[in-house]
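Notes follow once the structure below has been shown.
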Amino acid sequence: MPHFLDVILPLPLPGCFTYILPQKWEGQVQPGCRVMVPFGRKKVYTAIVQRVHADAPVGYEVKEIADLLDTRPVLLPVQLHFWEWLADYYLCTPGDVYKAALPASMKPKGEIDAPTKTVKRRKKHADADNVESWEMPTNGNDRLNPLNEHQQQAYSDIRAAFIQKNVCLLHGVTSSGKTEIYIHLIYETLKQGKQVLYLLPEIALTTQITERLHRVFGTRLGIYHSKFSDNERMDVWQKQLSDAPFDIILGVRSSIFLPFSDLGLVIVDEEHENTYKQQDPAPRYHARNAAIVLASMYHAKVLLGTATPSVESWYNATTGKYALVELKERYQEIQLPEIIPVDIKELQHKKRMNGAFSPLLLRYIHEALDQKEQVILFQNRRGFAPMIECNTCGWVPKCKNCDVSLTYHKGLNQLTCHYCGYTYQLPRRCPACEGSDLCNRGFGTERIEDEVATLFPQARIARMDLDTTRTRTAYERIIDYFTKGKTDILIGTQMVSKGLDFDHVSVVGILNADTMMNFPDFRAYERAFQLMAQVAGRAGRKNKRGRVVLQTKSIDHPIIGQVMRNDYEQMVADQLAERQLFRYPPYYRLVYVYLKHRNEVQLELMANVMAQRLTELFDNRVLGPDKPPVARIQTLFIRKIVVKIEQHGSMVDARRLLRRVQQEMLADDRFKSLMVYYDVDPVG
Ligand SMILES: [Zn+2]
Ligand SMILES: [Zn+2]
């Protein structure tokens, strides 16, 4: 009797595909193994076996697989189960999950007749033992630091909480020494013979924390993130399947896809960070939420840690779904910084601003430099100027593919679209009026760096943003130099806010709070608070209180006061009240339905038909269609429909109805070329 394989292809197609297993491989294939399969007339893909069975499919001709790549599965049963959950919950295809999960070199593809050329078989697991996770000879275990009284209390509370609950939120002020508590919990988990997944929102942070963990755990620690080469990532993957896997994996969101044999604890550090959410492409998953589901599949515990919990996690922790442990004392009793708001609207009016700098901020920077202390300047825009404008006629250069103005990058001397990456020459004259008076509007980090260099010519300056950290070494160098005091002033985007620990920062400047608060999203205030509180938390030294200059045009805004007083609880109370009133998370769940098409008139029609159909099924839970703030990206026009589901409503039913409507739409000849995708539990 022939055997058939249901396989997942790395393509955004719904469902699985069935192939015949040739007799020569009978009995050698299990779910989770990779096979090469022909697809269409010419292509060959690496597919993942989901099921082996004897039910011949009806209605189409079944092809044989072309090659068998593994005799042992590269995915464990729980991984396959997790993939299924991800595809179902985030309304995408198994192929989307597959593409995101596996390192590229584990899924070779090619053309028929030449498949073997592109397929490199790995020598089983032989290489895995030689993985260079971290170049140090030690096996660790010597430098477990003792916890102080407050840390010890939090540690005991967490362990007690885990008896009752699977998820615990650790709300600890910045610099309270949360990492030390994590290390003790990891130690305890390893003693039980179980593994730990330690998630961080930012690669820059792994650099700092790796050293600390390595001192304690030595070669039992593995690191996994996208700045590693594809082969390095494949080696980590293979090692996790071997008989001697890493006991601890430290990594960013994609490490939730790694195989674990016996996961006991997941730590999600800086759990509020929006970089845990994958925005594009699908699967648009939230690594924190997905990690909680993954942990439950292993009966593992989850610790969420942060100084500024997300509104959702706070709600879950205060309504009994999660446990809550608080740590209010800073490590070594360093005082929280003094936060001084500066009204830049008034200063601009009086012409007393020096570029992006208020006189007070300049004075504090001078003082810090005189005392050989360090400064962090936070500006949440990269590039030189977010916009160029013709002073004569008001013309603004825009991307030809997207509905956005272009950012000027001075170093590259070009205009760049931050949505599609397209670059343009900087025009010498305005194409509208031929005037030559083109000026820069707004401040990006590159421009701040320029100004700082002019104002403080003696200072050693570094910039940390997407443009300066394209390689792993660039990241590490910037952080290493600043940590060692080789840099005086660090300028950066939100990257500088994410939990980096520095010892000699006495001044932090938040150059413009308003761009964060005015962001068109229901989470804008929460996010603005988190960013400002986090970046402020970088200031402060032993025996000396840090100072934060908060520049804003909205000096009376409640969020500014809450940041000044470090009043997280008031912020979250205000936000919860608003969310309840306007039907937002955590009281409602959101699904954004996006429609894309080349033709705007047709798109409008399709969006209206779809919204109407959804309204028939979901009633007043449907809003839109609307134009999103950026209504065209990469030549495709976009419309957005919002579906709001009550917290206790059935998401299973909602997803089923959404899929049904999508199928109906795509079955309609008029709407064939329409692209539909979903963002479930969207973030910003
Ligand atoms: Zn002009
Ligand atoms: Zn563009």
| remark: Filtered hits (lysines, Cα-Cα < 21 Å from residue 553, offset >= 8 within chain) -> 345, 350, 351
| said: Principal axis extents for the range 365-441, Cα atoms only, whole Å, descending order, please. | reply: 51, 28, 18
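Name the shape class, rounded, prolate or oblate, that the alpha-carbon gyration tensor gives for the range 130-332, where a ≥ b ≥ c are the square roots of its eigenvalues, rounded holds for a/c under 1.5, and otherwise prolate holds if a/b is larger than b/c and oblate otherwise. Spell out each step's value before the answer.
Numbers: a/c = 1.57, a/b = 1.21, b/c = 1.30.
Oblate shape, in that a/c is at least 1.5 and b/c is the bigger or equal ratio.
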| message | Per residue, how large is the accessible surface of the range 588-680? Use a 1.4 angstrom probe and give square angstrom. | response | 50
| Based on DSSP H runs of at least 4 residues, each adding -39500 (n - 2.57), what is the mean residue ellipticity at 222 nm of the chain after dividing by all its residues, to the nearest 500 deg cm²/dmol? | -9500 deg cm²/dmol
| field | Residues of the range 207-228 with amide N under 17 Å of the 7 Å Cα→Cβ point at residue 503 | value | 208-213, 215
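How much of the pair distance distribution for the range 3-121 lies past 24 Å, counting alpha-carbon pairs only, in percent? Could you put the intermediate results ahead of the total?
Details: 1393 of 7021 pairs.
Summing the P(r) of the range 3-121 above 24 Å gives 20 percent of all pairs.
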| query | Roughly speaking, to the nearest percent, how much of the range 3-121's 1.4 Å accessible area is carbon and sulfur? | reply | 54
| field | Degrees separating the helix 524-536 axis from the principal Cα axis of the chain, which is the longest one | value | 60
| said: Taking the solvent-accessible surface of protein heavy atoms with a 1.4 Å probe, what is the per residue accessible area of the range 130-332 in Å²? | reply: 35
| Accessible surface, per residue, of the range 392-532 when the full set of protein chains is kept, probe 1.4 Å, Å² | 46
| task | Please determine, in degrees from 0 to 90 and to the nearest 10, the orientation of helix 359-370 with respect to the longest principal axis defined by the Cα atoms of the chain, where the helix direction is its Cα long axis. | result | 80
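Hey, can you rank 187-197, 433-443 by average C-beta count inside 10 Å, highest first? Working shown, then result.
Values: 187-197: 17.4, 433-443: 14.5.
For the peptides 187-197, 433-443, the packing ranking is 187-197, 433-443.
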| field | Fraction of antiparallel bridges per DSSP, the chain only, in percent to nearest 5 | value | 50
| query | Between residue 471 and residue 514, how many nm apart are label points set 7 Å from Cα along the C-beta direction? | reply | 4.0
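Once the Cα gyration tensor of the range 448-587 is found, what semi-axes does its equivalent ellipsoid get, as square roots of 5 times the eigenvalues, in whole Å, sorted largest first? Can you show the working numbers first?
Numbers: eigenvalues 186, 56, 43 Å².
Values for the range 448-587, descending: 30, 17, 15 Å.
Rounded to the nearest 5, what % of DSSP beta bridges with both residues in the range 130-332 are antiparallel? Display every interim value, and only then the final one.
Values: 1 of 29 bridges.
Restricted to the range 130-332, the bridges split so that about 5 percent are antiparallel.
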| said: In the range 327-363, whose amide N lies under 14 Å from the spot 7 Å out along Cα-to-Cβ of residue 555? List them in ranges. | reply: 340-353, 358-361
| task | Compute the signed sum of charges (Lys and Arg +1, Asp and Glu -1) over the other residues within less than 15 Å, Cβ to Cβ, of residue 398. | result | +1
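Give me the number: length gained by fully extending residue 187 to residue 318, i.e. 0.36 nm times residue separation minus the C-alpha to C-alpha distance, one decimal in nm. Show your work: numbers first, answer last.
Working: separation 131, 0.36 × 131 = 47.16 nm, distance 2.81 nm.
Difference between extended and current length: 44.3 nm.
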| request: Against the globular-protein guess of 2.2 N^0.38 Å, express the Cα radius of gyration of the range 588-680 as a ratio, rounded to two decimals. | output: 1.03
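How charged is the neighbourhood of residue 30? Take every other residue with its Cβ under 13 Å from the Cβ of residue 30, and add Lys/Arg as +1 and Asp/Glu as -1. Numbers along the way, then the final one.
Working: positive: 34, 51, 72; negative: 6, 26, 70.
Once positives and negatives cancel, what remains is 0.
On the protein heavy atoms, probe 1.4 angstrom, tell me the percent of accessible surface of the range 130-332 carried by carbon and sulfur. Working shown, then result.
Numbers: 3150 of 7210 Å².
Carbon and sulfur together cover 44 percent of it.
What does the extension gain come out to for residue 578 and residue 370, with contour length at 0.36 nm per residue minus their alpha carbon separation?
On the way: separation 208, 0.36 × 208 = 74.88 nm, distance 4.57 nm.
Stretched out fully, the residue 578 to residue 370 stretch lengthens by 70.3 nm.
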| the range 242-383 - convex hull of alpha carbons, volume per residue in Å³ | 229
| trypsin sites (Lys or Arg not before Pro) within the range 21-107, DSSP loop, no more than 15 other Cβ atoms inside 10 Å | 41, 42, 63
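Calculate the all-directions average of the projected area of the chain's alpha-carbon convex hull, and give it in nm².
Details: hull surface 132.6 nm².
Reported value for the Cα convex hull: 33.1 nm².
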| task | Using per-residue counts of other Cβ atoms within 10 Å, averaged over each peptide, order 313-319, 202-208, 262-268 from highest down. | result | 262-268, 202-208, 313-319
| field | residue 446 accessible area, assembled protein chains, probe 1.4 Å, Å² | value | 20
| remark: At R0 = 45 Å the Cβ-Cβ FRET efficiency linking residue 149 and residue 439, nearest 0.05, sits at 0.20
| message | So for each of 345-357, 489-501 I average, over its residues, the number of other beta carbons within 10 Å; can you give me the resulting order with the highest mean first? | response | 489-501, 345-357
| query | Excluding same-chain residues fewer than 8 positions from residue 410, which lysines have a Cα within less than 22 Å of its Cα? | reply | 398, 400
| Can you give the angle from 0 to 90° between the axis of helix 178-191 and the longest principal axis of the chain, with both taken from C-alpha atoms, to the nearest 10? | 30
| query | When the accessible area of the range 588-680 is split by element with a 1.4 Å probe, what percent falls to carbon and sulfur? | reply | 49
| So, counting K/R as plus one and D/E as minus one, what does the shell of residues with Cβ under 12 Å around residue 600 add up to? | +3
| field | Lone cysteines, the chain (no partner Cβ under 4.7 Å) | value | 16, 33, 92, 168, 420, 439
| task | May I ask for the distance between the Cα centers of the range 457-522 and the range 246-265, given as a whole number of Å? | result | 28
| query | Near residue 63, which lysines are there with a Cα under 18 Å away, not counting those fewer than 8 places off in the same chain? | reply | 24, 42, 43, 109
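Which FRET efficiency value, to the nearest 0.05, is calculated for residue 338 and residue 670 with the Förster distance at 41 angstrom and r the Cβ-Cβ distance? Can you show the working numbers first?
Working: r = 62 Å, r/R0 = 1.52.
With R0 = 41 Å, the Cβ-Cβ based efficiency is 0.10.
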| Reference-scaled alpha-carbon Rg (2.2 N^0.38 Å with N residues) for the range 529-632 | 1.64
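The values are calculated or read from the model by the stated rules, or taken from the named source; none is laboratory data. Everything quoted here is computed from the prediction, not taken from an experiment. Counting neighbours? That spans all protein chains shown, and the Cβs are built from the backbone with ideal geometry, glycine included. Please note that ligands, DNA and RNA were not included when accessible areas were found on the heavy atoms of the full protein model with its side chains. Shrake-Rupley method; radii C 1.70, N 1.55, O 1.52, S 1.80 Å.
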